[in-house]
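I have placed the structure first, in the form of structure tokens, so that the comments after it can refer back to it.
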Amino acid sequence: MVKAVVLIRCRAGTYKDVVRRLRELKNVKLVFSSLGGYDVVSKMEANSLPEIGRAVQTIRSFKNVSATETLVEVEMGDASK
């Protein structure tokens with residue numbers, strides 16, 4: 001399972017529409033609006049990295065999305081060492 005967080009910048013006043021559309025995507029597991037450099041944060045899960053890439057391309061195609069940054073989880077094994 002590949003997990004990623006997508007940070008999304010929206011056109012002014014449109015974050016609610018973007019959140020609504022994100023909730024319709026099957027790979028999106030969590031979505032919320034935020035303050036700061038990004039307007040919306042989305043946590044995604046997929047079976048492969050290419051599947052994450054396709055989902056991000058879909059998000060980027062939304063007319064009210066102006067930019068995204070994708071952070072892919074990296075498995076580190078036993079993090080206690």
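The values are calculated or read from the model by the stated rules, or taken from the named source; none is laboratory data. Nothing here was measured: the structure is a model prediction, and the numbers come from that model. Every residue, glycine as well, gets a Cβ built from its backbone with ideal geometry; the counts of neighbours run over all protein chains shown.
Are there any strands (runs of 3 or more DSSP E) wholly within the range 1-72 with 2 or more residues that are loosely packed, with under 14 Cβ neighbours inside 10 Å and among the aliphatic types (A, V, I, L, M), and if so which?
Answer list for the range 1-72: 65-72.
In the range 42-60 there is at least one residue matching the filter, namely being free of Cβ contacts under 8 Å to residues at least 12 places away in the same chain and closer than 14 Å to Val19 by Cα. Against the test of being out of contact with any strand residue (DSSP E or B) (no Cβ under 8 Å at 6 or more places or on another chain), at pLDDT 95 or above and on the phi < 0 side of the Ramachandran plot, the options Ser42, Ser80, Ser48, Ser61 yield a single qualifying residue, Ser61.
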